[in-house]
Amino acid sequence: MTRIGKRGLLGLAGAALAAPAFAQGTFPTRTVNMIVPFAAGGPTDTVARLIAQAMSTSLGQTVVVENVGGAGGTLGAQRCAQARPDGYTILMHHIGMATIPTLYRRLAYDPINGFETIGLVTEVPMTLIGRNGLPAQTMTELAALVRREGEKLNYANAGIGAASHLCGLLLQQALGTKMTTVPYRGTGPAMNDLLAGTVDLMCDQTTNTTEQIKSGSVRGFAATTPERIAALPDLPTAAQGGLPGFEVSVWHGLYAPKGTPAPVITRLNQALVTALQDANVGTRFAALGTAPVPVARATPDAHRAFWQADIAKWRPLIQAAGQYAD
Ligand code: MLT
């Protein structure tokens, strides 16, 4: 006879209690909390709020965005990894999910096995921007300025693991120099300081920079994409500005804590896919220089495969740079 220990019996009892709710398809019966691991007003927050609103309609329950910024996106990720795996806590995170496992050698959560994937959301181009008043108008002039002034220039980012951090690393590598880094809880607040002229430069996603570049309130130097960005046709690519190979784009995905039941993941994925097909989401994303991923890429399996491949892609580059958070 198979022996079932006390923990096993408790587990079976818990499963028996939990099963009817999922079997009847009642999830969700209350508010779902979507953690954004960066400050309000930044690019991850913008993507999350558009998706959360559309998911609320399809789930029939409010999806509330909670900003848990700090430590390059690791604090919010930790909050999700350690939450009850019941579908009521989910996480909108970005490319940091692929770089943090290498950048951080000590974390209070498992950055790879601590999560279920729900689906990919977007891929967003990055732009290199500077404060108005910098004595450089073009990428070529900026490259000369950075090489000349080095650490006298302040580069804003959202902490080690942020997309702005990664982009800054690549920029400094490409220019063969270092600037002074000023970390924020997200590039939303960093943008405020760039607008005020208290920091000089930043790389950030078009979801945070398109309107500012178009209005001229910040200076756009380059798009870090192989092609020009449709929403910013006047902005040259980094290659056109003399920095071939300086390319990075950011992707976002939706996660749940490890152990979230499969029927709940399926329900969340259905709501995500419906959100990605929502006309308002499509229009807003296009105006911000991005687009929802095609539905075939928004499955949990496609998301996991893409994420794992990106971890493998960034690991040797980070190791070669020898840049760790600890
Ligand atoms: C980043 O640099 O990783 C993001 O811009 C963070 C954010 O959403 O604020």
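Charged side chains reduced to their Cβ positions (Lys and Arg at +1, Asp and Glu at -1) give the stretch 16-141 a dipole of some 240 debye around its Cα centre. Phi angles across the stretch 152-163 convert, under the Karplus curve 6.51 cos²θ - 1.76 cosθ + 1.60 with θ = phi - 60°, into 3J(HN,Hα) values of 6, 8, 9, 10, 8, 8, 9, x, 5, x, 6, 5 Hz, Gly and Pro given as x.
Placing unit charges on the Cβ atoms of the charged side chains and taking the dipole of the stretch 202-326 about its Cα centre, the candidate lying farthest along the positive direction among ALA275, PRO263, SER215 is PRO263. Between the helical axis of 43-59 and the longest alpha-carbon principal axis of the chain there is an angle of about 30 degrees.
Helix 206-215 and the longest principal axis of the C-alpha atoms of the chain enclose an angle of approximately 40°. Put simply, the amide H of THR237, placed in the peptide plane, has neighbours under 5 Å in ALA223, leaving out anything fewer than 5 places away on its chain. For the stretch 125-223, a simple Cβ point-charge model (Lys and Arg +1, Asp and Glu -1, everything else neutral) yields a dipole of about 100 debye relative to the Cα centre.
Contact order for the stretch 125-223, expressed relative to its length and based on alpha carbon pairs under 8 Å spaced 6+ residues apart, stands at 47 percent. Which of the three applies to the chain, rounded, prolate or oblate, going by the alpha-carbon gyration tensor with a ≥ b ≥ c and a/c under 1.5 meaning rounded? Prolate, since a/c reaches 1.5 and a/b exceeds b/c.
Placing unit charges on each Cβ (+1 for Lys and Arg, -1 for Asp and Glu) gives the chain a dipole about its Cα centre, and among ALA143, GLY289, MET92 the Cα reaching farthest toward its positive end belongs to MET92. Largest GNM mean-square fluctuation across ALA77, ALA163, ALA230, computed for the chain with C-alpha springs under 10 Å, falls on ALA230.
With a cut-off of 8 Å between alpha carbons and a minimum separation of six or more residues, what is the relative contact order of the chain in percent?
Result for the chain is 27 percent.
Around ARG297, under 14 Å between beta carbons, what's the net of Lys plus Arg minus Asp minus Glu among the other residues? Here the charged neighbours net out to -2. Listed as lacking a disulfide-compatible partner in the chain: CYS80, by the criterion of no other cysteine Cβ under 4.7 Å. In this structure, the residue pairs whose Cα-Cα separation is over 30 Å, taken from LYS258/LYS313; LYS152/LYS313; LYS214/LYS258; LYS178/LYS258, are LYS152/LYS313; LYS214/LYS258; LYS178/LYS258.
For the stretch 162-220, a simple Cβ point-charge model (Lys and Arg +1, Asp and Glu -1, everything else neutral) yields a dipole of about 60 debye relative to the Cα centre. Computed per residue of the chain from DSSP H runs no shorter than four, each worth -39500 (n - 2.57), the mean residue ellipticity at 222 nm is -13500 deg cm²/dmol. Near the amide H of HIS93, within less than 5 Å, lie the amide hydrogens of GLY253, TYR255, all on another chain or at least 5 residues away, with H placed in the peptide plane.
Computed from the coordinates by the stated procedures, all read-outs in this text should not be read as laboratory data. Bear in mind the structure is a predicted one, so any value in this text is a computation, not a measurement. Using ideal geometry, Cβ is built from the backbone for each residue, glycine included, and neighbour counts are taken over all protein chains shown.
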